[in-house]
Every structure is written in structure tokens, then in C-alpha cells.
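Okay, so here's the structure we're looking at.
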Amino acid sequence: MALSITFLGHSGFIFDDGTHKLIVDPFLTGNPLAKHSPKDVKGDFLALTHGHGDHFGDTLDIVKANNATVIAPFEICEFLGEHGISKSEPGNPGGRIDTAFGHIAFTPAIHSSSYNGRYMGEACGLIIHIGGVTIYHCGDTALFNDMKTIGELAQPQIACIPVGDRFTMGPELGRKAAELINAPVTIPIHYKTFPLLTDDISAFAPTGVKVRVMEPGETWQYA
């Protein structure tokens, strides 16, 4: 089954199976590389890896405009409820949520999570199954050896791996992560958006894994 993958920039995506659209980490306002504005983004589900502003981004506006269901760590869903968002599915690492399009499972991620100084629960990665395709969106994370086990259990076709350094893995550690996960294709994310992040990811060259670099605004028809 074909899956349409649109890269919103930084760590954000829209996954469209032809019936449902899942938005992930929609950081658009304040993103100097973004090609979409919040009003351009349509979807009936929205998933978040953690609460930092460069991932939570335009969630409130997009969810309200689309009446979308949010899938996110528990504390983020509590925060959304305080802002009038009632359609949410909270979870945490190790858990799985079945959805109309397939399912989302939460994985560990070694990172922090807050929004405007408020604790937003555990940072997570996401195992997304949509349109017959499994994607491992690592979120923001350091390298950890259990990525190998996650890859073995989930068997993702695509892994979205942060490689910008400083706040996450850099290209060298991202390369090792890609090899541990062993998805056939990996998309590098979370780099070059800001000066603090590296824009040279030439060292992200995992053995036996195809690197698919996507530019903000680009759509890839994966089949």
C-alpha cells in the first residue's frame, strides 16, 4: 500500500495513507526552514514525541482547526486538556495505542521534555504503523543499545533519526543508531534548523542502510 510522506522540516511529518493523515511534531511557526504554515497542515490525528517547543510547535492551533485526536505522553495530554483539547490518547514508553489508521507505540528516548518551564513527562520515540508501513520516529534522543531490540521487534521499513548534535545524536552516533535499528531506509531529522545544530551530516552514512534526505516541504510517495 502506498504511503505519502511529507517532511514539515526539523522533526515534523505528515503521514497520509489516503484515508487518514497523521501529523507528527509540527514545529512551523519560528522554524526558519519551514515551507508550511499551520493553516496549511491538515490531518485527523497528531502525535507528539515530547513537549519541547521545537516539537510541540503549532499543536494547539492545528488540533483545534482540524478537530484532530492527539496521541502523546500522558502529561502532554493533561496540558492539552487544560487548553480545551479533549480528544487525546495518552501513553508512555512500552505502551501501544490502536487507532483508525493502525497503531502507535511509545519507545524510550534519552532526552528531557518541558514546555515553557512545565514538566511534560517522559520524552519518547514513536513506532507508527500506517498504510501498511512501519516507521520508527526516534524523537530527540541520545544513542542507546536498545535501539537494536526496538528494530528487531518493530521491524520498521523507515527510521527517522536525529543527527543535529548538541541536543541529540550527531551524524556519527546517528550512523550507529541506524545500523542498530537496521531499517532499510532512514531519514535524517533535527539538523541545520538553527545555528547550534550541525548542517554537515556527511558522516551519517550507515552501512547497509539507504539514507533518504528530505527537504522541508518535500513529499515522498513510499510504496
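The values are calculated or read from the model by the stated rules, or taken from the named source; none is laboratory data. Everything numeric in this text was worked out from a predicted model, so none of it was measured. Don't worry about glycine lacking a Cβ; one is built from the backbone with ideal geometry, like all the others, and counts go over all protein chains shown.
The table below lists the values:
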item: Condition check for Gly43: closer than 23 Å to Glu218 by Cα and small (Gly, Ala, Ser); result: yes
item: Among the residues listed as Gly53, Gly81, the single one being surrounded by fewer than 19 Cβ atoms within 10 Å (Cβ to Cβ), within 14 Å of the chain's Cα centre (by Cα) and at negative phi; result: Gly53
item: Test set (1) assigned to a loop (DSSP other than H, G, I, E, B); (2) within 16 Å of the chain's Cα centre (by Cα) - Phe144 fails condition number; result: (2)
item: Strands (runs of 3 or more DSSP E) enclosed by region 92-131 - at least 2 residues per element that are of a type outside the set (Gly, Ala, Ser), at pLDDT 95 or above and buried (at least 18 other Cβ atoms within 10 Å of the Cβ); result: 102-108, 124-130
item: Residue ID - surrounded by the fewest Cβ atoms within 10 Å (Cβ to Cβ), chosen from residues in region 139-194 that are over 27 Å from Ala223 (Cα atoms) and of a type in the set (A, V, I, L, M, F, W, C); result: Ala142
item: Extreme residue, surrounded by the fewest Cβ atoms within 10 Å (Cβ to Cβ), among residues of region 21-49 that are of a type in the set (Asp, Glu) and either touching a helix residue (DSSP H, G or I) at 6+ places or on another chain (Cβ under 8 Å) or more than 15 Å from Lys64 (Cα to Cα) (or both); result: Asp44
item: Residue in region 174-185 that is under 30 Å from Gly18 (Cβ atoms), assigned to a strand (DSSP E or B), of a type in the set (A, V, I, L, M, F, W, C) and modelled with pLDDT of 95 or more present; result: yes
item: Residue among Ser86, Ser11 that alone is polar (S, T, N, Q), over 12 Å from the mean Cα position of the chain (by Cα) and closer than 23 Å to Cys124 by Cα; result: Ser86
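The rows are residues; the columns are (1) in a strand (DSSP E or B); (2) under 15 Å from Gly102 (Cα atoms); (3) modelled with pLDDT under 95; (4) touching a Pro at 6+ places or on another chain (Cβ under 7 Å).
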| position | (1), (2), (3), (4) |
| --- | --- |
| Leu8 | yes, no, no, yes |
| Phe15 | yes, yes, no, no |
| Thr19 | no, yes, no, no |
| Leu22 | yes, yes, no, no |
| Thr29 | no, no, no, yes |
| Ala34 | no, no, no, yes |
| Thr49 | no, no, no, no |
| Leu60 | no, no, no, no |
| Val63 | no, no, no, no |
